[in-house]
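Working notes, beginning with the structure itself.
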4 protein chains.
Amino acid sequence: MIVVLDGSAREGEIAEVEKRIRNFGYDVYRSSGENSTVLGALGPAREDVRDALGTMPSVERVILASPPFMLVSRAFKQERSVFTVGDVEIGSGKVVLMAGPCAVEDRESYLQAAVAVKEGGAHLLRGGAFKPRSSPYSFQGLGEEGLKIMAEAKEMTGLPFITEVLDQHAVDIVARYADIIQVGTRNMQNFELLKELGQIGKPVLVKRGMSATIEEWLMAAEYLLSNGNHRVILCERGIRTFETTYTRNTLDLCAVPIVKELSHLPVFVDPSHGTGKWKWVPPMCLAAVAAGADGLLVEVHPAPKKALCDGPQSLVPEKFAQMVDLLKGVAQVVGRTM
Amino acid sequence: MIVVLDGSAREGEIAEVEKRIRNFGYDVYRSSGENSTVLGALGPAREDVRDALGTMPSVERVILASPPFMLVSRAFKQERSVFTVGDVEIGSGKVVLMAGPCAVEDRESYLQAAVAVKEGGAHLLRGGAFKPRSSPYSFQGLGEEGLKIMAEAKEMTGLPFITEVLDQHAVDIVARYADIIQVGTRNMQNFELLKELGQIGKPVLVKRGMSATIEEWLMAAEYLLSNGNHRVILCERGIRTFETTYTRNTLDLCAVPIVKELSHLPVFVDPSHGTGKWKWVPPMCLAAVAAGADGLLVEVHPAPKKALCDGPQSLVPEKFAQMVDLLKGVAQVVGRTM
Amino acid sequence: MIVVLDGSAREGEIAEVEKRIRNFGYDVYRSSGENSTVLGALGPAREDVRDALGTMPSVERVILASPPFMLVSRAFKQERSVFTVGDVEIGSGKVVLMAGPCAVEDRESYLQAAVAVKEGGAHLLRGGAFKPRSSPYSFQGLGEEGLKIMAEAKEMTGLPFITEVLDQHAVDIVARYADIIQVGTRNMQNFELLKELGQIGKPVLVKRGMSATIEEWLMAAEYLLSNGNHRVILCERGIRTFETTYTRNTLDLCAVPIVKELSHLPVFVDPSHGTGKWKWVPPMCLAAVAAGADGLLVEVHPAPKKALCDGPQSLVPEKFAQMVDLLKGVAQVVGRTM
Amino acid sequence: MIVVLDGSAREGEIAEVEKRIRNFGYDVYRSSGENSTVLGALGPAREDVRDALGTMPSVERVILASPPFMLVSRAFKQERSVFTVGDVEIGSGKVVLMAGPCAVEDRESYLQAAVAVKEGGAHLLRGGAFKPRSSPYSFQGLGEEGLKIMAEAKEMTGLPFITEVLDQHAVDIVARYADIIQVGTRNMQNFELLKELGQIGKPVLVKRGMSATIEEWLMAAEYLLSNGNHRVILCERGIRTFETTYTRNTLDLCAVPIVKELSHLPVFVDPSHGTGKWKWVPPMCLAAVAAGADGLLVEVHPAPKKALCDGPQSLVPEKFAQMVDLLKGVAQVVGRTM
């Protein structure tokens, strides 16, 4: 339930309402906006509680939030969530570019890729140290060694980096190195992992599950917020459909305006996984920004044919840089910068 | 099979090759490009035929076209197909806007809508006289009366119009009035209707079936071309997926660059049906143009709440006009005009 | 809306209610069951009409039918629909087997197949004279010649036959020969074809569209019933999903009990198209009967490797006969005969 | 790669081949069948290795296994995998029934349910102590308390039990109590959890991911086998499709015969989650056994309306017992017992 307080409510009155809510057995979360304070009561919606709270003088109204998500909703927080990672603002008017190879394969090629994507216009680096692979026999990533290489690339380029965590036992080590932690599509409903990531001090990017409804995706983010982590990015990466010949997934770009209407969280798009082929990445990046995306996650590899993972969907650095020029134009048309 | 002739081949030599192909039992279709002539041999690919033709002096090479479509492919015709409807060029560098209400409901409101979309920037009118409805009890359209009203709107605004045909018995009458004939998503594999539309002198827009693969969609167009009609537009309109709460369909914008790579035919997008909600139409229109669409099909209704059909997905004229301004900006960024 | 009359209502009173409904602008359809009469008012549900009719003495209650289908629903007709085709009862306790090659390819092989499936236990023959093919270059069927061959096979075996119609112009000719007319998956929402088939005197089998919801499928049948044809069979034939490697479609067997709960019409299953591979046909036939199917549509071909169409999903006659033995056992367990 | 040894190969020769394979950098796994021994070489397929091994006298042939799975395949192990849990044989000719409430809610009701399903004919108990829930605010299970209650029910009834593990940190504790550990649909590609479960001494049931292809599902099992756990059950539980009105998922029963053709592992079906409604559970259980399923996982709750989780899909014990009678009949028809 969401309890909207009167704009004139003072701290003492707010605390009073919070106490009352807690007495009903709810956890309470507070969102202080410009004009008013909103309290989220975590737990099942009850009409008697709504009526009881509604009679308190500082309470303007109580919403029995009908969608199952609450803390991520714009009913709870009207203003868009903005936060910074290093020098990069996420969720503001500036479109953010995260780029790099799918996996960290070796020190030299990763550093080379990092320099290239920086020159091409990227704001953050991406790369995988722990790779989720359908087959137990495929390359599973370099592990901590990969994290160290990314840390070195960060030092060299000044760009913060994002990387994925798969393993509950690896949350601490990944959080020690990474600036943003990624939850992959296969772990979007790994609720225990989400709970742990709700309790770390690093931002988390949650990819949409490949067959997740928009509601389930927002609920995954709700796990993070309700466990205390409010620096969350949502990332559309294509859903599974019957079209399997020409694309790996069907990129659902309409999810961008929908999620921005439902939630205050920033929404990114990953057209590399969303299409599975480098040729479709530039048009889908342009389309994503035109549709209102707050940022992009793009696979760039200096030598895609040698890549151990996802080569066919990786852009070469030159194509990436060319695309960035066009992206700036589209961003400007829709009132953003880049 | 596709037979690419030597650039220096003269008419007599070309006719010789055509005759040889016919002798093997194939129908032959000729595509004359700037630098060379290409012959399409309609029928099953045979290696012995390829080898026999390959020895002819004017034959450069023979392609055992692996995808099942041929006349629609860029292997057969490298240059993009461009044709005009009234004063409007379709498939050229100019992005084309077709707009209007879902159905023609009455004379007055349709004429009002037609004027409004023209002022908003539309190049063609759209409207339904025959409506495909899931329920036999829903409004099925005004029939010929609706066609007459659209003809009047055309006269008044100077804009040509597109309308759908459902009924094989109505092909003649629709073709008499309409400038472009639409094949709806439910009829994309109504092969008998396609065969008849292959033999009329009007351009045809083929919507993608709601569960059609890209290949099946191109094959539907192949029915039109192989029956003699080469003025064909392909229109993405959303596919059916598990996400049914927030959108009516999932708009597959990646189909735009894919189809433009595979085929020389112009590709349009219909974000009104593709999303099912007017709010998502402007961002998806912007995204479609950014992705390279040659045109858009947009539902606009002066009073969506009173619409007999698809009101929730119709823009009001003011929103349409605002959107067009932004579309021009995006078109320019990707090297198009509008 | 559905108007349930009092069990004691006499003809004069029933006619009175019908008249009143017509005065409100509805078409009326009557269903006379064992214990009571039910009237269907075709048109939009209106609460004022419900209230007005509800006050009439012979009216027990008025249902503002919430699902969009009415004549096909069990709210309108509680008893299961049973009808005969030749000597074969459809929709009764007896499981009905329709079998034969996908297409009629030539006289000799079809007659051979017809004799074989009869010996194997089939009650009706199947075969295509007009074939819907994704490609304009694929074998499209023998046309009327094919119908004549099936008629000859019928004479020879004594088994009635089912065949598909694609073309509105061919409805009359197909209806002249066939005992049951099939509407294929691609034409399930070819509403003009459905309207015409609603007005002929032959039973119609409606295959589920490959991406049709259960509701849309029932609405397609509603087109037939509301146009006057009540001898309708529904046939599940697999839906389109992301699994495209091992099966052509995903057979939705749960649709069988669901549709039998929602509708009084008989429900058949076509595991040949539903799976796309002959190996999976026997287990899926057994499963379909276990799930309550009223009949099966099975492709059987004496020489599948030579088939012009759908060879990989056709059983050889010996496998068909072996399967029938097991089917009889399952039918018995679930209280049916065969 | 799969190395099939000559039937007459002696231990020394087998060890020689194993050594040679290891020298090429592969891990080796041995499968000793009745007539011959098969060696699996874990790693990328290489033609030069195949040729080198092929010349060894005790090697019959080397298969560059084309599907990505190996240890789970019937190419590697022809005989069906059979193992016992308590007194229950899994994967043999006997159809196995696992039944019970979705979640363990309290001691009394669980013990009551356990007794009821035993009387109804179940061979194992099921119940959730740790529940994966889309919402962080839904009941998440009783944790270890729930495991203790299930252990008590096991003692009381003599039936072993299966329960789900979600949390890598809880693997040890769940393995201490449970007889079979379940990996849920949302964790099918939680590869770190799979690796850990590959190293415990308890059988694992792997539910199919709700959008997993058959190949991905088998690859998930491959993670277990390649990590050392060969007592694995595969469980179909419905996939996600566009049909969302009448069922929660679309049960893909054709997966049963397909997986039994591809793999030697036992295949179960869960029609409770597969349909989402108790009414469709009995027909789908009958269909599953008819299709060849080795067992069923069924939700049974003494008072479904009071259930904290999945009440609408739970059978009451009487319906369960009635269904078991019919299941025995179907099992017999297809050559099984129960």
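The values are calculated or read from the model by the stated rules, or taken from the named source; none is laboratory data. Computed from a predicted structure; not experimentally measured. All Cβ positions, even for glycine, are placed from backbone atoms using ideal geometry, and neighbour counts span all protein chains on display. Note: areas computed on protein heavy atoms with side chains; ligands, DNA, RNA excluded. Shrake-Rupley method; radii C 1.70, N 1.55, O 1.52, S 1.80 Å.
Quick notes on this one:
- Cα centre as origin, Lys/Arg/Asp/Glu Cβ charges: the protein assembly as shown dipole, Debye: 0 debye
- Per-residue mean of C-beta atoms belonging to partner chains within 10 Å, peptide B:255-263: 4
- Antiparallel bridges, percent of DSSP beta bridges restricted to chain A (to nearest 5): 40 percent
- Under the Karplus curve 6.51 cos²θ - 1.76 cosθ + 1.60, θ = phi - 60°, whole-Hz ³J(HN,Hα) for region A:297-311, x wherever Gly or Pro sits: 10, 10, 7, 10, 9, x, 9, x, 5, 8, 4, 6, 7, 6, x
- Close amide H pairs (under 5 Å, H built 1.01 Å from N) link D:Leu296 with D:Val96, D:Leu97, D:Met98, D:Val269, residues at least 5 positions away or on another chain.
- Whole-percent carbon and sulfur share, accessible surface of region A:144-256, 1.4 Å: 43 percent
- Axis angle, to the nearest 10 degrees, between helix C:144-157 and the longest C-alpha principal axis of chain C: 90 degrees.
- Between amide H atoms placed 1.01 Å from N, distances below 5 Å from D:Gln182 occur with D:Thr163, D:Glu164, D:Val165, D:Leu205, all of them 5 or more places distant or on a separate chain.
- Using θ = phi - 60° in the Karplus curve 6.51 cos²θ - 1.76 cosθ + 1.60, the 3J(HN,Hα) couplings for region C:54-64 round to x, 7, 5, x, 7, 8, 7, 7, 10, 9, 7 Hz; x is entered for Gly and Pro.
- Residues of region A:211-241 whose accessible area (probe 1.4 Å, heavy atoms of protein chains only) drops by at least 50 Å² once all protein chains are present, relative to their chain alone: A:Ser211, A:Met219, A:Tyr223, A:Arg240.
- In percent, rounded to a whole number, the relative contact order of region D:83-333 is 19, using alpha-carbon pairs under 8 Å and six or more apart.
- A label point on D:His169, set 7 Å along the Cα-to-Cβ line, lies at 1.4, 7.2, 7.3 nm from each of its counterparts in the other copies, closest listed first.
- Listed residues C:Pro266, C:Pro136, C:Pro317, most fluctuating in chain C (Gaussian network, C-alpha, under 10 Å): C:Pro136
- In this assembly, the D-A interface accounts for approximately 2900 Å² of buried accessible surface in total, computed with a 1.4 Å probe and without ligands, DNA or RNA.
- The charge dipole of chain C, taken about its Cα centre with unit charges on the Cβ atoms of Lys, Arg (+1), Asp and Glu (-1) only, comes to about 600 debye.
- Solvent exposure of region D:114-269 as accessible area per residue, Å², 1.4 Å probe: 25 Å²
- Drop in accessible area of at least 10 Å² in the complex versus isolated chain, residues of region C:53-75, 1.4 Å probe: C:Pro68
- By definition, a body whose alpha carbon gyration tensor gives a ≥ b ≥ c is prolate when a/c is 1.5 or more and a/b is larger than b/c, and region C:153-231 fits this prolate description.
- Taking a ≥ b ≥ c as the square roots of the eigenvalues of the Cα gyration tensor, an a/c ratio of 1.5 or more together with a/b larger than b/c marks chain B as prolate.
- Cα gyration tensor shape of the protein assembly as shown, rounded if a/c is under 1.5, else prolate or oblate by comparing a/b with b/c: rounded
- Rounded to the nearest 20, the Cβ-based charge dipole of region C:105-192 about its Cα centre (Lys and Arg +1, Asp and Glu -1) stands at 220 debye.
- Approximate shape of region B:57-125 as ellipsoid semi-axes (Cα gyration tensor, √5λ), whole Å, largest first: 41, 14, 8
- Chain A: most fluctuating residue of A:Ala307, A:Ala52, A:Ala212 per GNM, C-alpha cutoff 10 Å: A:Ala52
- Measuring heavy-atom accessible area with a 1.4 angstrom probe and counting protein chains only, the residues of region D:156-173 that give up at least 30 Å² relative to the chain alone are D:Leu166, D:Asp167, D:Gln168, D:His169.
- Counting Cβ atoms of other protein chains within 10 Å of each Cβ in A:291-299 and taking the mean gives 2.
- For region B:2-63, fraction of C-alpha pairs farther apart than 20 Å, in %: 13 percent
- Whole-Å distance, taken between Cα centres, linking region B:77-105 and region C:1-50: 50 Å
- By accessible area, using a 1.4 Å probe on protein heavy atoms only, region B:2-63 has 43% of its surface on carbon and sulfur.
- When each of B:Lys94/B:Lys319; B:Lys77/B:Lys277; A:Lys305/D:Lys207; A:Lys277/B:Lys77; C:Lys154/C:Lys319 is checked by Cα-Cα distance, pairs over 27 Å: B:Lys77/B:Lys277; A:Lys305/D:Lys207
- Residue-by-residue Karplus 3J(HN,Hα) for region D:255-270, coefficients 6.51, -1.76, 1.60, Hz, glycine and proline x: 4, 4, x, 5, 5, 5, 6, 7, 10, 8, 7, x, 10, 10, 9, 10
- Filtered chymotrypsin sites (Phe, Trp or Tyr not before Pro), region B:125-186: DSSP coil and at most 15 other beta carbons within 10 Å: B:Phe139
- Given A:Lys118/A:Lys328; B:Lys279/D:Lys279; B:Lys195/B:Lys260, the pairs whose alpha carbons are separated by over 27 Å: B:Lys279/D:Lys279
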